[in-house]
Amino acid sequence: MAYEEENDRVANIGQPPENRKQALVKLMWIGIWMGYMGAPVSDLADRHHTALATVCGGLGLLVFVAVYLMLVFRHTGRALSRAAVLGALGMIGVLAAVLTLTMGDDWLVLSVYVSVAFGAVLPLRLSSWAIPLNTAFMVGIGVLVRGSHGLVSALVIPSLLGGFAMSAVGQMVRTTRALRAARATVAQLAANEERLRLARDLHDLLGHSLSLITLKSELAGRMLPDKPEQAARQVADIERVSRQALVDVREAVSGFRRPTLEAEVAGARTALAAAGVAADLSRAGVHHPDLPPDQEGALAWALREAVTNVVRHSGARRCAVTLDETGDQLCLTVTDDGRGATGPHGNGLTGLAERLQLADGRLETGPGERGGFTLRALVPLSRGAHVELPSQTAP
């Protein structure tokens, strides 16, 4: 990553210079090609023009070079407006034609720079016909200027080659900008996904743990002062749950939290017992040879969220948890005899549905056959097999 960032600072493709050094380096690379302006400069230095023609030619050349550098230097880093680009291109095109017709064949090279400017700032669709047209225009002007026929034939290839080469550079600049924007978008999406993951983990972790701590605190309060020993055991359980919650939160923040069905079944038994809910976990098999880790983690989160909702919201007296194989899927079903759903899904079930989607699974909720509420979480198995169920004994 550090190597890529260093390369970005050196290349700086498609971005305006960030400091004076980068501006000078970019100007130097562009200025190398200004060496071909030697022919018009030498023509002015030979002093075979009148003083007025020399002054006007020099001013025209300065304006041409300034506008050309503005187009190539500025537009490739920070795009100019469409009107400014078309106006600047028209200006240098007119200057190249007028200076060549009035000053002589040595000035015909300016048309090559016009082709380069077309390739640098115009979209590929426009530059593909603008460059050949400018080259043909250069040939037409060359026909009108005495003694330039040999020079015209020598400048046709540079005009076409330089223009289309700059078109390729311009396309590379635009592609680099698009890739840079796409990379920034991917980074933003990854950050958002990480925030969503952390929010889901903290909601599920703290919701379950805090509900259990609240229940055990209420039990301890009712046991005091008549049953101090039992109250002390509840307080010890509160300490254990709170310590485990702290560990879980740290793991969630670090991205290492992946609950297991075995741990969540044990936690469900404890939470339901503390809430005074009769739990039927006899068919909650926790070992399956074809259950991938990601899918097991999604089912474990589903069990935790379902039991938390039973304890906090349902008012149920009984709760049954089963784990059965359905075709090539494993289905976790949590059913209670409580009051059922009273509104739309909250954050917990919404986050749970997102978790299951990431594991290629799905969430189904609705009323139970005898009232209450039923939650079904389904995840795919790697291949068909039978669930290993524990012995049919009471919890």
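Here are some residues: Leu80, Leu61, Leu95. Which one is touching a Phe, Trp or Tyr at 6+ places or on another chain (Cβ under 7 Å) and either on the phi > 0 side of the Ramachandran plot or hydrophobic (A, V, I, L, M, F, W, C) (or both)? I'd like the intermediate steps shown before the answer.
Values: Leu80 fails: touching a Phe, Trp or Tyr at 6+ places or on another chain (Cβ under 7 Å); Leu61 fails: touching a Phe, Trp or Tyr at 6+ places or on another chain (Cβ under 7 Å).
After applying the criteria, what remains is Leu95.
Got at least one residue in the stretch 98-117 being within 20 Å of Ala130 (Cβ to Cβ) and of a type in the set (Phe, Trp, Tyr)?
The answer is yes; a qualifying residue exists.
Quick one: in the stretch 64-73, of everything that is free of Cβ contacts under 8 Å to residues at least 40 places away in the same chain and surrounded by 14 or more Cβ atoms within 10 Å (Cβ to Cβ), which residue is nearest to the chain's Cα centre (by Cα)? Break it down into steps so the answer makes sense when it comes.
If we filter the stretch 64-73 for residues that are free of Cβ contacts under 8 Å to residues at least 40 places away in the same chain, which is where we start, we get 65-67, 70.
From what is left, the residues that are surrounded by 14 or more Cβ atoms within 10 Å (Cβ to Cβ) are 65, 67, 70.
Working: Val65: 41, Val67: 38, Met70: 34 Å.
The extreme case among them is Met70.
Of the residues that sit in the stretch 44-79 and are among the aromatic types (Phe, Trp, Tyr) and closer than 26 Å to Arg177 by Cβ, which one is modelled with the lowest pLDDT? First the steps, then the outcome.
Of all residues in the stretch 44-79, those among the aromatic types (Phe, Trp, Tyr) come to 64, 68, 73.
Then keep just the ones that are closer than 26 Å to Arg177 by Cβ; that gives 68, 73.
Values: Tyr68: 87, Phe73: 70.
For the stretch 44-79, the residue satisfying everything is Phe73.
For the stretch 221-278: of the residues being of a type in the set (Gly, Ala, Ser) and outside any helix (DSSP H, G or I), which is modelled with the highest pLDDT? Walk me through how you get there before you give the answer.
Step one: list which residues in the stretch 221-278 are of a type in the set (Gly, Ala, Ser), which gives 221, 231-232, 236, 242, 245, 252, 254-255, 263, 266-268, 271, 273-276, 278.
Imposing the further condition that a residue be outside any helix (DSSP H, G or I) reduces the set to 255, 275-276, 278.
Values: Gly255: 55, Ala275: 82, Gly276: 85, Ala278: 90.
The selected residue is Ala278.
Is it the case that some residue within the stretch 295-318 is surrounded by 14 or more Cβ atoms within 10 Å (Cβ to Cβ) and farther than 23 Å from His203 by Cα?
yes
Of everything in the stretch 311-358, what is of a type outside the set (Gly, Ala, Ser), free of Cβ contacts under 8 Å to residues at least 40 places away in the same chain and under 28 Å from Arg195 (Cα atoms)? Give them in sequence order.
His313, Pro344, His345, Thr350, Gln357
The values are calculated or read from the model by the stated rules, or taken from the named source; none is laboratory data. The shown structure was predicted, so the numbers you read here are calculated from the model rather than taken from an experiment. Virtual Cβ from ideal backbone geometry, glycine too; neighbours counted across all protein chains shown.
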